[in-house]
Amino acid sequence: MRAAGGPTRALLLAAAVALLAPAAPAAAEDLRQIEAVGAVGVRKGERADPRAGAVAQALREAVERVASELLADAALGPEAEEGAPVDLAAVLGKDMGAYTSRFKVTEDRGLGPALFVEDPDVTTEYVVVVDALVDADLVRSRLVAAGALEPEAGTAESGVVLLEVEGLEVYPALADLRDLLERRVGAASALPREIEHGRATLEVRTSLDARGLAQAMEREAPPHMTIVPLGTEGSGRARIAVRWSPARFAPADAADLPPVEAGQSPRPARARR
């Protein structure tokens, strides 16, 4: 199956230090390292930063490549047709920072003749090469929510609560929220259905109802995270606000981390309790 999707100039969601508490026996995260080329056409008189646009396009290429791999390896969902392309731009949304743990620009090729941009009116382009670490679990969950993939076996028997979350400003906060749900609260899964800057909707498979889930999250939240219940609708929908801080890691923890793109913070190895 081939993937369809176009370039984006959306600004990237800045990633802070990821804080995922260890717990055995937890399943390993599916983080995939992808090298991708990003290119944007440059027209005379444009004020937009072409480098930022090229980085955004490279991250989209990396995330869509992971999505294409997942679509090729798994059973198609009810909304997908055999042999037909999935509109990954529509399914994944505009913000590729939500799926990217960290990235680094490995080559800044700058301005040059248009080779990658498929626009006959563009003669100049800006090109970068990016090394990105993509969270394939989040990409998979988005494809499942859109009906492009079948859910993994064994995830359909628990009750489902739709959890609307406010205050998710960085990728690690979302990762830490899923950690809270799956490791501390005991949810079978917590899969994002919609992601945008500052907000997300998660499909949580759990034996708790909406009120019980929100109360359990408030009670079990680690010290660096505050959960504020905002209300429920019946037993199947809850709204919360998250206040999150990366203060769990001392400055010494960052000393051993690999360098990343300016403005981004790398995702460290899991901390010991």
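Annotations
- Backbone N within the range 168-182 under 12 Å of label point (7 Å from R199 Cα along the Cβ vector): 168
- Accessible surface ranking that places the most exposed of D135, D73, D209 first, with a 1.4 angstrom probe: D73, D209, D135
- Shown are D179, D137, whose ranking by accessible area with a 1.4 Å probe and every protein chain present, most to least, is D137, D179.
- What the Cβ-Cβ distance of Q215 and K44 gives, at R0 = 51 Å and to the nearest 0.05, is a FRET efficiency of 0.30.
- Chymotrypsin sites (Phe, Trp or Tyr not before Pro) within the range 85-125: DSSP coil, no more than 14 neighbouring Cβ in 10 Å: none
- Relative packing of 228-234, 171-177, 54-60, which averages over residues the other C-beta atoms within 10 Å, highest first: 54-60, 171-177, 228-234
- Label-to-label distance, nm, for residues given as V228 and T123 (7 Å Cα→Cβ offset): 5.5 nm
- Under the convention that each Lys and Arg Cβ holds +1 and each Asp and Glu Cβ holds -1, the size of the dipole of the range 81-201 around its Cα centre is about 460 debye.
The values are calculated or read from the model by the stated rules, or taken from the named source; none is laboratory data. Values in this document were obtained by computation on a predicted structure and should not be read as measured data. Backbone-built Cβ (ideal geometry, glycine too); neighbour counts: all protein chains shown. Please note that ligands, DNA and RNA were not included when accessible areas were found on the heavy atoms of the full protein model with its side chains. Shrake-Rupley method; radii C 1.70, N 1.55, O 1.52, S 1.80 Å.
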